[in-house]
Amino acid sequence: MRVLSGIQPSGSFHLGNYFAMMRKMIEYQEQQELFAFIANLHAMTSLPQGAHLAANTREAVVGFLALGLDPERSVFWVQSDLPEVTELTWVLSNLTGMGLLERCHSYKDKVARGIQANHGLFSYPILMAADILLFQSDRVPVGQDQKQHLEVARDLAVKFNLAFGQTFVVPEAEIDEEVAVIPGIDGQKMSKSYGNTIEIFCDRGTLRKQVMSIVTDASSVEAPKDPERCNLFSISSLFLSREEKDSLASQYRAGGLKYSSVKKDLVERIWKYFAPYRERREELLRDPEGLRRTMALGADKARAVALRTIQDVRLKTGTQYGAGF
């Protein structure tokens, strides 16, 4: 089974990136055929500055490798290294009704939050569909907020197959309900665009500042507290065993718990958990030539698959018309 997912290089990796997507992707190396990419074309909707996007793309590559992605056991590349994805995006655009895109809630939500509306933001689901279909992906781990976009990819695969003959695998979404949405320090979904993240590779002082900023209610120390409605408890649970989680929940309900104590413990747990990954990241940064070789080889592996698909698409749509024309 082929599993595919990508992540945008829109800033420093945070707990939401890791627990909602990256950790599961890395685990797939052991049991499935893993395709993972840095979605830098998608990031252009929020990062129009070239130098900024290039730096973030490099940071994302290094971060993913540091966290355990093995380019020997997976296919790992940067999205823009394969022009075939933009070609397929155009083909799929000609099968996509305006109403389908107008119903996508992610676009409406981002515009409502003040992000300038443009065609790239509006047609984002088509590029995502091209990413998925180009590599004949069987399963796509996505967060709850991306489920609708996966449905768009499925719709376009079925529509193309009916119009031109069997071409694309119709992908299935995979959503881990327990970690589908990781809360940020303000209780919303953790997201760089919301400015509510807890970073993985920041220094200890920054980490402490972010964790201590987690919003909690105004109940007194003595008052019983509801762990199920507490943002701090949800984030802490990511680093707790079942027994530790149950124990902390009991302390919440019994009263006498200081949120500041939970936060200080969380700082230590996060710092210790990611310590080996910070060391690995520093090693990678000291070998830029090795990074370039790794990503060039990854792009070659990805292109071998992409070319088979796009050549089939060209023949069926008539854009590759043959030597006898």
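Can you confirm whether ALA130 is under 14 Å from VAL313 (Cα atoms), out of contact with any Phe, Trp or Tyr (no Cβ under 6 Å at 6 or more places or on another chain) and among the small types (Gly, Ala, Ser)?
Values: under 14 Å from VAL313 (Cα atoms): yes; out of contact with any Phe, Trp or Tyr (no Cβ under 6 Å at 6 or more places or on another chain): yes; among the small types (Gly, Ala, Ser): yes.
Spelling it out, ALA130 is indeed under 14 Å from VAL313 (Cα atoms), out of contact with any Phe, Trp or Tyr (no Cβ under 6 Å at 6 or more places or on another chain) and among the small types (Gly, Ala, Ser).
Does LEU41 qualify as being under 20 Å from the mean Cα position of the chain (by Cα), in a helix (DSSP H, G or I), touching a residue at least 40 places away in the same chain (Cβ under 8 Å) and in the same structural domain as ASP155 (by TED's automatic domain parsing)?
Yes: the conditions hold for LEU41.
Tell me, please, whether a residue that is touching a residue at least 40 places away in the same chain (Cβ under 8 Å), assigned to a loop (DSSP other than H, G, I, E, B) and closer than 30 Å to GLU282 by Cβ can be found in the stretch 131-152.
Yes, that holds for at least one residue.
Scan the stretch 64-90 for residues that are in a loop (DSSP other than H, G, I, E, B) and within 18 Å of the chain's Cα centre (by Cα) and jot them down.
Going residue by residue through the stretch 64-90, those that are in a loop (DSSP other than H, G, I, E, B) are 67-74, 82-83.
Within the stretch 64-90, LEU67, GLY68, LEU69, ASP70, PRO71, SER74 qualify.
Given the conditions (1) surrounded by fewer than 21 Cβ atoms within 10 Å (Cβ to Cβ); (2) within 16 Å of ARG308 (Cβ to Cβ), and given that ASP145 satisfies all but one, which numbered condition is not satisfied?
Condition not satisfied by ASP145: (2).
Only one of (1) in contact with a helix residue (DSSP H, G or I) (Cβ under 7 Å, 6 or more places away or on another chain); (2) of a type in the set (A, V, I, L, M, F, W, C); (3) closer than 30 Å to THR317 by Cβ is not met by ILE115, so which one is it?
(3)
Residues in the stretch 153-175 that are under 17 Å from the mean Cα position of the chain (by Cα), surrounded by fewer than 19 Cβ atoms within 10 Å (Cβ to Cβ) and outside any strand (DSSP E or B): how many?
1
Inside the stretch 192-202, can you point out the residues that are surrounded by 19 or more Cβ atoms within 10 Å (Cβ to Cβ) and of a type in the set (Ser, Thr, Tyr)?
Across the stretch 192-202, the qualifying residue is only THR197.
So which residues in the stretch 181-191 are surrounded by 15 or more Cβ atoms within 10 Å (Cβ to Cβ), part of a loop (DSSP other than H, G, I, E, B) and not hydrophobic (A, V, I, L, M, F, W, C)?
Looking only at the stretch 181-191, we keep the residues that are surrounded by 15 or more Cβ atoms within 10 Å (Cβ to Cβ), and these are 181-185, 187, 189-191.
Checking the rest, the ones that are also part of a loop (DSSP other than H, G, I, E, B) come to 181-182, 184-185, 187, 190-191.
Across the stretch 181-191, the qualifying residues are GLY184, GLY187, SER191.
Restricting to the stretch 57-84, count the residues that are out of contact with any strand residue (DSSP E or B) (no Cβ under 7 Å at 6 or more places or on another chain), aliphatic (A, V, I, L, M) and within 18 Å of SER137 (Cβ to Cβ).
Selection size over the stretch 57-84: 1.
Can you name the condition, by its number, that GLU228 falls short on among (1) more than 30 Å from VAL62 (Cβ to Cβ); (2) surrounded by 15 or more Cβ atoms within 10 Å (Cβ to Cβ)?
It is condition (2) that GLU228 fails.
When residues of the stretch 107-130 are filtered for being touching a residue at least 24 places away in the same chain (Cβ under 8 Å) and surrounded by fewer than 15 Cβ atoms within 10 Å (Cβ to Cβ), how many remain?
The total comes to 4.
Run VAL211 past the list (1) assigned by TED's automatic domain parsing to the domain that holds LEU88; (2) surrounded by 14 or more Cβ atoms within 10 Å (Cβ to Cβ); (3) modelled with pLDDT of 95 or more and report the number of the one that doesn't hold.
(1)
With respect to SER261, is the statement that it is modelled with pLDDT of 95 or more and exposed (fewer than 14 other Cβ atoms within 10 Å of the Cβ) true?
Taking the combined requirement at face value, the residue satisfies it.
Based on this model, can you work out whether ARG286 counts as exposed (fewer than 11 other Cβ atoms within 10 Å of the Cβ), over 22 Å from VAL211 (Cα atoms) and either modelled with pLDDT of 95 or more or of a type outside the set (Asp, Glu) (or both)?
Here the answer is yes, as ARG286 does meet what is asked.
Tell me, which residue of the stretch 1-32 that is among the polar types (S, T, N, Q) and within 14 Å of ASP70 (Cβ to Cβ) is farthest from the chain's Cα centre (by Cα)?
Filtering first and then ranking leaves GLN31.
Conditions (1) among the hydrophobic types (A, V, I, L, M, F, W, C); (2) surrounded by 22 or more Cβ atoms within 10 Å (Cβ to Cβ); (3) farther than 27 Å from GLN188 by Cβ, marked per residue:
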{"position": "GLY11", "(1), (2), (3)": "no, no, no"}
{"position": "ILE26", "(1), (2), (3)": "yes, no, no"}
{"position": "GLU30", "(1), (2), (3)": "no, no, yes"}
{"position": "ALA36", "(1), (2), (3)": "yes, yes, no"}
{"position": "PRO48", "(1), (2), (3)": "no, no, no"}
{"position": "GLY63", "(1), (2), (3)": "no, yes, no"}
{"position": "GLY68", "(1), (2), (3)": "no, no, yes"}
{"position": "SER80", "(1), (2), (3)": "no, no, yes"}
{"position": "VAL85", "(1), (2), (3)": "yes, yes, yes"}
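The values are calculated or read from the model by the stated rules, or taken from the named source; none is laboratory data. Source: prediction; values computed, not measured. All Cβ positions, even for glycine, are placed from backbone atoms using ideal geometry, and neighbour counts span all protein chains on display.
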